[in-house]
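Shown next, in structure tokens, is the structure this report addresses.
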Amino acid sequence: MVPADEGGGLMRVDLLTDPLDGLDEALDAVDAFDRVLVAGLLRPGPEQADGLAALVDAVAGTPLATRVAEAADKAAAGAAGEDHFVALAAARTALMGSAHDALTARVADATGRPPAEPTPPGSVGAVEEEPAAHVLAAARAWLCDLARAGWRGIDHDLVGGAAPVVSALLPDPALRRQATLLDGFAAELAASCPGTALERVPVRRWADLWTRALLLTLPGATRPAAVSTATGRLLPLGIDLQEHATAVQAQVHAVFEPADGTAPRLVRAAVSAPKPDTVVGAGLWQLLRPRMSLLAAAGEGRSVELDAMPLTAGGDLLWDDGRARTGEPADPFATARVILSTATDPVTAPLDRHPSRIAVPVLLEGYAAERTDDGPTVLTVAGHRLAVDTDRIPDAGPLTPEAVAASGACLGLLRWDAGEFVLQPLAVETTVRKKTTAVHAGAWAGGTTDKAGVRAEKAATDAVAVLRERAGKLLRT
């Protein structure tokens, strides 16, 4: 909720709880197809035929209708080829895209922010010859074999077929995206083998990974996004830290004010790095900090002056430290109160249109927070409840669920998860000894004097030093 007298407007939290026409039906069709992939399509039965029919019905009347109907008939007969699996994956992606569009439209209504202008057709050059087409074909063949076997039919021999494909993709930087996705997907499947012994199958997740991986093997799927240049002032809002056992990424959400005086825009900048599983907590910043000066600026609450920084149509800054200069102090809450409501949202790339990709910066004020020991933290705004996803708060910063529950203002990312909108906190304002204090999840990005943060950084330094020493010995032998 942004005070109107400070240049903002009220965020309509009530709109986030209202039902969306057609959303449940689209997701039901996706769920029906996802269940098909559990048992697989090697020897399909009546249940698989019903799931395929639900997908066909959902895209009837669209340009995909004829191809999807043909693909479903072939799949139900156990005779589907690569083109048929691609058509089914495209139909599922279209349904998820429609759900994404409906949800983002509702978010736009709730925030009142102006819509982004889509990139005109033809702003990107023609697709060049696809690199390593034979390797991508091998990846596509492996993914089709997975669909035939189904998640219940996976074993180590089948999953191991991804290893040579990943090895062939990794050396080419243009194919690193596909390689990383396939590698991570295969690792998850390998950890779950054999499929017949699984107590619970992550149906939606594996179907998401399978669909995206399959479509990314097609010619032109990784076509470069339209890129312009950004010159002006960048005002960080917060840092979203995402950690995996072997990798970490920090994504900075910010408002960009162009030097030419045009409307401000919401943008992102991300940096990632591989990590050993012994580096956790505040130690993660040591892996990321040397790669991106923006992290220090965001952690210290300062603006950044950009000079012709590459910017994609989707709102992602292709960060280059040589084109950035740290500027004046800039309080994220002041930025949110004064500018956020007028900043345009970025355009989402076609293959990125998925409800899980929704992460919209918002500011909430004037709420009542409640937190129970065995339940979620909930913010009540004008009588309407909004759940807080405290599980997304990283250990690598001073922000805690307790701080959120005691806060009076919250700057965060609006997401959609498990059928409802939730808020991921990036920072909160609390009152300590009658003084308003801001607590940021990314406050330690540029370094910290906090005792807990210092201890974690020291432990990470020791762990990295040991690992480097061991790696050096291995390389010398």
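Bear in mind that the values in this text are calculations on the coordinates, not laboratory data. Quantities reported herein were computed from a predicted structural model and do not represent experimental measurements. No Cβ is skipped: glycine too gets one built from the backbone with ideal geometry, and neighbour counts run over all protein chains shown.
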Among the aspartates and glutamates, which fall within straight-line cross-link reach of Lys458, defined as a Cα-Cα distance under 17 Å, with same-chain neighbours fewer than 8 residues apart omitted? Asp277, Asp395, Asp450, Glu469
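From the C-alpha gyration tensor of region 227-342, pull out the three semi-axes of the equivalent ellipsoid (sqrt of 5λ each), sorted largest to smallest, in whole Å.
Working: eigenvalues 128, 45, 31 Å².
For region 227-342, the ellipsoid semi-axes come out as 25, 15, 12 Å.
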Roughly how many Å is it from the Cα centre of region 265-297 to that of region 370-438, as a whole number? 23
Return Leu284, Leu414, Leu218 ranked ascending by Cβ neighbour count within 10 Å, so the fewest neighbours appear first. Leu218, Leu414, Leu284
Counting only backbone N atoms under 14 Å from a point 7 Å out along Cα-to-Cβ of Arg204, the residues of region 334-354 in range are 354
To the nearest 10 degrees, the tilt of helix 23-39 (Cα long axis) against the first principal axis of the alpha carbons of the chain is 50
The simple spin-label model distance between Ala105 and Asp21, using points 7 Å out along Cα→Cβ, in nm, is 0.9
Assuming R0 = 41 Å, can you tell me the calculated FRET efficiency for the pair Thr180 and Arg433, based on Cβ-Cβ distance, to the nearest 0.05? 0.30
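For the chain, what is the calculated [θ] at 222 nm in deg cm²/dmol (nearest 500), taking -39500 (n - 2.57) for each run of four or more DSSP H residues and dividing by its residue count? Each step should come with its number before you reach the end.
Working: 14 runs with 181 residues, N = 477.
Mean residue ellipticity at 222 nm (helix-derived): -12000 deg cm²/dmol.
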Ile154, Ile358 arranged by Cβ crowding within 10 Å, fewest neighbours leading: Ile358, Ile154
So for the pair Ser167, Glu82, with labels modelled 7 Å out along Cα→Cβ, what separation do we get in nm? 2.1
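May I ask you to derive the relative contact order of the chain, considering only C-alpha pairs under 8 Å and at least 6 residues apart, and to give it as an integer percent?
Working: 874 pairs, mean separation 73.5, N = 477.
Reported as a whole number, the value is 15 percent.
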Using a/c under 1.5 as the rounded threshold, could you call the chain rounded, prolate or oblate? The axes a ≥ b ≥ c are square roots of the C-alpha gyration tensor eigenvalues, and prolate needs a/b larger than b/c, oblate otherwise. prolate
In the chain, what percentage of the DSSP-assigned beta bridges are antiparallel, given to the nearest 5? 95
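Sequence gap at least 6, Cα distance under 8 Å: using those rules, report the relative contact order of region 1-112 to the nearest whole percent.
RCO, region 1-112: 34 percent.
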Protection proxy ranking of 375-382, 292-299 - average other beta-carbon atoms within 10 Å, highest first: 292-299, 375-382
Glu370 paired with Gln242, simple spin-label distance in nm, labels 7 Å along Cα-to-beta-carbon: 3.3
